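Shown next, in structure tokens, is the structure this report addresses.
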Amino acid sequence: MSETALYRPALADNQANAEVLARPGIKVTRAGPLARFVFRGDAAAAGKAGGAFGAALPVAPLAANAVGARAALWQGPDEWLLLARPEADGEQAVDMLARQLAGEVAAALGDTPHSLVDVSERNVALLVEGAGAADLLNAHVFLDLSPEAFPVGTATRTLFTKAEITLWRLGDEAFAIEVWRSFAPYVEGLLIEG
């Protein structure tokens with residue numbers, strides 16, 4: 001199982017077909033909803049945003065910082081993907097958390113130039129777990145996913161065949177794929193086929 005408190009499987013009554021694939025050595029599930037933001041700003045803005053968000057925004061390439069039910073993933077020199085899980089389940093709880101976080105980050109930044117865009121409805125997450133996780137992903141992600149080259153905590157924006165994703169290694173045998181909701185069926189289909 002993943003080594004972060006951020007993701008949990010989608011509830012069957014909230015999201016049909018939460019389990020995408022279950023075979024010996026591999027399991028793919030849709031994760032429950034999260035509040036998600038794309039944050040852009042310079043180092044000073046990132047420092048203030050991280051303090052307000054509750055997880056420092058990493059400054060090193062390919063880095064992620066998970067603190068409890070919050071995470072900040074480096075996407076580029078001035079861009080981060082911010083993820084937060086509400087205490088309660090459901091879309092309403094996500095909406096409330098997203099509004100709260102947006103207000104807190106805006107208040108902390110004041111007049112500091114930045115961009116904070118709520119992408120909670122745009123993205124979904126797929127959890128790929130098991131001894132065969134890296135091999136399954138490597139059928140469509142052309143990166144070296146060995147633990148030496150892509151250790152636990154590494155996150156990167158990349159392509160899954162033709163779909164843009166953010167891939168994050170959560171544990172030795174656990175990955176999260178952040179993907180646009182409209183591309184999720186395509187990615188799920190290729191995972192099943194793989």
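Considering region 109-123 alone, what residues qualify as being open to solvent by 10 Å² or more (accessible area, probe 1.4 Å) and assigned to a strand (DSSP E or B)? Selection gives Ser115, Leu116, Val117, Asp118.
Look through Phe53, Phe39 and report the one residue that is open to solvent by less than 20 Å² (accessible area, probe 1.4 Å), touching a residue at least 24 places away in the same chain (Cβ under 8 Å) and farther than 21 Å from Leu170 by Cα.
Of the residues listed, the single one that is open to solvent by less than 20 Å² (accessible area, probe 1.4 Å), touching a residue at least 24 places away in the same chain (Cβ under 8 Å) and farther than 21 Å from Leu170 by Cα is Phe39.
Restricting attention to region 16-24, does a residue exist that is touching a residue at least 40 places away in the same chain (Cβ under 8 Å), not assigned by TED's automatic domain parsing to the domain that holds Ala149 and not in a loop (DSSP other than H, G, I, E, B)? Within region 16-24, not a single residue is touching a residue at least 40 places away in the same chain (Cβ under 8 Å), not assigned by TED's automatic domain parsing to the domain that holds Ala149 and not in a loop (DSSP other than H, G, I, E, B). Across region 76-90, which residue is surrounded by the most Cβ atoms within 10 Å (Cβ to Cβ) among those that are more than 17 Å from Ala44 (Cα to Cα) and out of contact with any Phe, Trp or Tyr (no Cβ under 9 Å at 6 or more places or on another chain)? Only one residue tops the list, namely Pro86.
From the list Ala106, Ala102, Ala93, exactly one residue is under 18 Å from Ala5 (Cα atoms), assigned to a helix (DSSP H, G or I) and either among the hydrophobic types (A, V, I, L, M, F, W, C) or open to solvent by 40 Å² or more (accessible area, probe 1.4 Å) (or both). Which is it?
Ala93
For region 28-56, the candidate set comprises residues that are in a strand (DSSP E or B) and of a type outside the set (A, V, I, L, M, F, W, C); within that set, the residue that is farthest from the chain's Cα centre (by Cα) is Arg40.
If a residue must be aliphatic (A, V, I, L, M) and farther than 30 Å from Ala18 by Cα, how many such residues does region 29-52 contain? Qualifying residue count, region 29-52: 6.
Does Gly153 satisfy being farther than 26 Å from Ala44 by Cβ, out of contact with any Gly (no Cβ under 8 Å at 6 or more places or on another chain) and in contact (Cβ under 8 Å) with a residue 24 or more places away in the chain? So Gly153 fails the test.
In region 125-145, the count of residues that are within 27 Å of Lys48 (Cα to Cα) and either modelled with pLDDT of 95 or more or within 16 Å of the chain's Cα centre (by Cα) (or both) is one or more. Kindly check whether there is at least one residue in region 139-160 that is in a loop (DSSP other than H, G, I, E, B), among the charged types (D, E, K, R) and under 18 Å from Leu83 (Cα atoms). Checked region 139-160: no residue is in a loop (DSSP other than H, G, I, E, B), among the charged types (D, E, K, R) and under 18 Å from Leu83 (Cα atoms).
Exactly one residue out of Ala71, Ala52, Ala88, Ala66 is in contact with a helix residue (DSSP H, G or I) (Cβ under 9 Å, 6 or more places away or on another chain) and either modelled with pLDDT of 90 or more or aromatic (Phe, Trp, Tyr) (or both), and it is Ala52. Flag set for Trp80, criterion: touching a Gly at 6+ places or on another chain (Cβ under 9 Å) and not assigned by TED's automatic domain parsing to the domain that holds Ile165.
The values are calculated or read from the model by the stated rules, or taken from the named source; none is laboratory data. In this text, all values refer to a predicted model and were calculated from it rather than measured experimentally. Cβ coordinates were reconstructed from backbone atoms using ideal geometry, including for glycine residues, and neighbour counts include every protein chain displayed. Surface accessibility is based on the protein's heavy atoms, side chains included, excluding ligands, DNA and RNA. Shrake-Rupley method; radii C 1.70, N 1.55, O 1.52, S 1.80 Å.
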